[in-house]
1. When you look at the Cβ of every residue in A:100-110, what mean number of other chain Cβ atoms sits within 10 Å?
2. Report the Cys residues of the protein assembly as shown lacking a disulfide-compatible partner, meaning no second Cys Cβ under 4.7 Å from their Cβ.
3. Compute the orientation-averaged projected area for the protein assembly as shown from the convex hull of its Cα atoms and round it to one decimal in nm².
4. Would you pull out the residues with amide H under 5 Å of B:G103's amide H, same chain only if 5 or more places away, H placed 1.01 Å from N?
5. Per residue, what volume in Å³ does the convex hull of the Cα atoms of chain A enclose?
6. Between A:T15, A:T55, A:T98, where does the largest GNM mean-square fluctuation fall for chain A, given springs only between Cα atoms within less than 10 Å?
7. Taking amide hydrogens as modeled 1.01 Å from N in the peptide plane, which residues meet the under 5 Å criterion relative to A:E59, leaving out close sequence neighbours?
8. With an 8 Å cut-off on Cα pairs and a minimum separation of 6 or more residues, tell me the relative contact order of chain A in percent.
Amino acid sequence: NAGVTQTPKFRVLKTGQSMTLLCAQDMNHEYMYWYRQDPGMGLRLIHYSVGEGTTAKGEVPDGYNVSRLKKQNFLLGLESAAPSQTSVYFCASSSDLTDTQYFGPGTRLTVL
Amino acid sequence: RKEVEQDPGPFNVPEGATVAFNCTYSNSASQSFFWYRQDCRKEPKLLMSVYSSGNEDGRFTAQLNRASQYISLLIRDSKLSDSATYLCVVNEDTGNQFYFGTGTSLTVIP
């Protein structure tokens, strides 16, 4: 039982490049989230999903897209990376809106 | 105005000390409250949920004050292993968002 896993763990991009971050959970959770964490800002919600095939915008969605084609996977895409997207990205899942969120280990992304 | 505000600290306390953190939230409709712990360069992990009546888990006590819109975390008999950043988290049932505070840094000194 791996919980929540994220791929990759580290990545360096050049401005304008694209990439996809993969989040996978094996707990059969309906809810999945993508956050970014920046110094002095706390975790901020980018996008979330309340079930397979559904996604919604969070607090800071601009510049990102997501997809939830399978219940266990939640993908975060950056179409044209910008230096302002340098951050640590965390994926999380939960069984219910008010339930505990389980986080993946994070992806450290640097955009040059 | 931030949804959730915490004193960033740092709090440096000796082993065995008692330390308390507060967190204020702006939306009076908030329904669910949590404390998470985050170690350096690691993911956040749930420490405890906060219930209206207050709750205790070993050396940790969490309390909610709806009238003043704050939650608190009390750590008794601090251990070196308690050194971490403590995140206050608030959820509004009207939306699907959890709001995280920026965290309070605690270092327990031998």
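1. Counting other chains' Cβ atoms within 10 Å and averaging over A:100-110 gives 3.
2. Singleton cysteines: B:C40.
3. Values: hull surface 49.6 nm².
Value for the protein assembly as shown: 12.4 nm².
4. For B:G103, whose amide H was placed from the backbone, the distant partners under 5 Å are B:Q6, B:C88.
5. On the way: hull volume 10.1 nm³, N = 112.
It comes to 91 Å³ per residue, whole-number rounded.
6. A:T98
7. Distant-sequence amide H within range of A:E59: A:L45, A:I46.
8. 36 percent
Bear in mind these aren't lab numbers, they're just calculated from the coordinates by the rules spelled out. All of these numbers come straight from a predicted model, not from anything done at the bench. Glycine also receives a Cβ, built like all others from the backbone with ideal geometry; neighbour counts cover every protein chain displayed.
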